[in-house]
1. Please work out, to two decimal places, the log10 of the ratio I(q)/I(0) at q = 0.20, 0.28 Å⁻¹ from a Debye calculation in which every Cα of region 86-131 carries one identical scatterer.
2. For region 97-172, compute Rh as the Kirkwood radius over C-alpha pairs and then the Stokes-Einstein diffusion coefficient at 25 °C and 0.890 mPa s; write the answer in µm²/s, rounded to an integer.
3. Please find the FRET efficiency linking A110 to A79, where r is the Cβ-Cβ separation and R0 is fixed at 25 Å, and quote it to the nearest 0.05.
4. Give the accessible surface of region 102-167 per residue, rounded to a whole number of Å², with probe radius 1.4 Å and ligands, DNA and RNA excluded.
5. What are the ³J(HN,Hα) values, in whole Hz, obtained from phi via the Karplus relation 6.51 cos²θ - 1.76 cosθ + 1.60 with θ = phi - 60°, for each residue of region 149-165 in sequence order, with x given for Gly and Pro?
Amino acid sequence: MRVLIAAALAFALPLTAFAAGEETAPPKKPKCESGFVYDKKTKSCVSSNGHTLDTDTLYQHVRSLSYDGRYTDAQVLLAQMPADDDRTLTYMGFTSRKMGNTEAAMTYYARALARNPGNVLARSYMGQGLVEEGNISGAMEQLREIRAHGGKGTWAEASLRTAISTGRTFNW
C-alpha cells in the first residue's frame with residue numbers, strides 16, 4: 001500500500017509543482033566567478049561586497065549560487081542581507097544543510113519559522129533535511145504544516161512530498 005501511495009505522490013509532482021509565484025524550476029546558473037554577482041543594470045559582474053543590488057535580486061543570486069553548489073559564495077551574500085529576515089534564515093539553513101551542517105541548518109529553519117510560521121519554503125527545506133536524517137514522521141509534520149499554512153499545491157509541498165516518497169531532495 002505504501003508503495004502505491006509513494007508512486008501516486010511521485011506521479012503527482014509534475015502536476016502540482018508549477019503553482020504561480022513558486023520556485024518551480026532551477027534558477028539560471030551564475031555567470032560570474034566566486035566573489036562576484038551579475039548586475040543586470042550594468043550587465044557585468046560586480047563584487048559581491050560593495051554592490052548596490054537590492055535585496056530581492058540578492059536572494060535570486062543566493063538561489064542561483066545554491067543550485068550551482070556554490071554554498072560558501074551564497075553565504076557571503078547572505079551575510080550582507082538582513083540577518084533577522086525569515087528568507088535570509090531559510091537560505092542560511094539550506095546552505096548549511098547542503099554543506100553538511102544539519103544541526104545549524106535546523107536552528108536556522110527554526111528561527112525562520114519563529115519569525116514567520118507561514119514560510120512554507122523553510123518548512124519544505126526543513127522537512128527535506130529531516131528526510132535526509134531518516135525522520136519521516138518529522139518530515140510529515142512539516143508537510144502537514146505547509147498545507148495548514150496555505151501551501152497546498154505549491155512547489156514547497158510537492159518537493160517535500162517527493163522527498164518523503166522517494167528520498168530525493170532538491171538543490172534549490
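The values are calculated or read from the model by the stated rules, or taken from the named source; none is laboratory data. Keep in mind that this is a model prediction, so the values were computed, not measured. As a convention, Cβ positions derive from the backbone with ideal geometry for all residues, glycine included, and neighbour counts pool all protein chains shown. In case anyone asks, the SASA skips ligands and DNA or RNA and just uses the protein heavy atoms, side chains included. Shrake-Rupley method; radii C 1.70, N 1.55, O 1.52, S 1.80 Å.
1. -0.46, -0.91
2. Using the Kirkwood radius from Cα pairs, D works out to 206 µm²/s.
3. That gives a FRET efficiency of 0.80.
4. 40
5. Result, ordered by residue: 9, x, x, 5, x, 8, 4, 4, 5, 5, 5, 5, 4, 5, 4, 5, 7 Hz.
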